[in-house]
Amino acid sequence: MERSKIMLNPEARILQLNKTAMGLLGNDKNALKYLQKAEKILLDGDAPEILKMSNRLRLMATTYNNYGCYYKTMKQPNAALYYLKKTLKLEAQAFADPVAIASTQLNICAIYSQLGKHDIAISYAKQSLNLLSKFEESDEIFPENSYSTLAVCYFNIGAELEFMRRFDDAIKYYQSGYRIAISHLGASHELTRRLYSSMSQLGEKNETLIRLKSQRQVQRSLGRISHIEIRAKSAIKERMDTTMSVAPKEKRLRIHTANSRPRSKSHPKRNLNKSCSIDSRAYTLASTPHLDSKTPELEYEKLKQYLNSSKYLNSSIV
């Protein structure tokens, strides 16, 4: 009796079993049991003869797609991918409508995203978007309820771009999805609210990152200035110490060594020459002005003013 009922209207029975299974996704045992019943009818020896080939492929695709949803809910992503990819092949064989194929591609996108494979996930979402965009631009009637799938395309692409830290691009896709959702689904629709929330939160996050980046650049520039000031102070102190240590030595030589030959003016003292060489390397790195060793305190103030000037800041920021 039950078998004859199934065979009299197998298509309606299969659809009903799938609908019941999706309503029980939180209950692992019962949801799986209804999907297995639907699959058994489709694989039954008599069912293929009663159902047209196109209808059988379409119903099989629906059942496998729901298997994928079930395993995704049960946190078994690899099993979900197996059934969703089988669904995609069956839909191609059955010449399924573009919205159904796009929905399957979006489900595959969600699984790859769950696995952390965002580059593969975004490729499936973009395939879905391209398919629906061509369908919308064609002469065929684009069903009004298909706009929710189109909005999901933009949402998923935006989400994957956000995972990839391409925030500017992600905001653009969220905005496109929001425009579609607000126009065709309304402001109270869950998808519209999610798109708006994602768009707003990412916008705030992006602004914060820009501010932090700007602050880091300023701190880096100030760090360079502080570092060069320290080196300048060290070099000036070294120059002053060298000058103070050399002068008394000269005096002693002139007093105690009467026969010593005075140094030629054209040949500077070795210690002073070495000191100048060190200063030159230090200040060349910062492109600072030359220091006059006779008045180090005055020249240091000039150096400090130069380091704080806009000319130096502009030349230092990379």
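Bear in mind these aren't lab numbers, they're just calculated from the coordinates by the rules spelled out. A quick note: this is a predicted structure, and the numbers were derived from the prediction, not measured. Backbone-built Cβ (ideal geometry, glycine too); neighbour counts: all protein chains shown.
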- May I ask which of Lys33/Lys89; Lys75/Lys117; Lys89/Lys126; Lys37/Lys86; Lys172/Lys205; Lys29/Lys75 have a Cα-Cα span longer than 21 Å here? Lys33/Lys89
- Query: Semi-axes of the equivalent ellipsoid of region 4-154: what are they in whole Å, largest first, if each equals the square root of 5 times a C-alpha gyration tensor eigenvalue?
  - Reply: 26, 20, 13
- Taking the Cα centre of each part, how many Å lie between region 166-181 and region 94-156? 15 Å
- Hull surface divided by four, with the convex hull built on the Cα atoms of region 66-155: how many nm²? 5.7 nm²
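Taking the mean number of other Cβ atoms within 10 Å as a proxy for protection, how do you rank 72-84, 174-186, 153-165 from highest to lowest?
Result, highest mean Cβ count within 10 Å first: 153-165, 174-186, 72-84.
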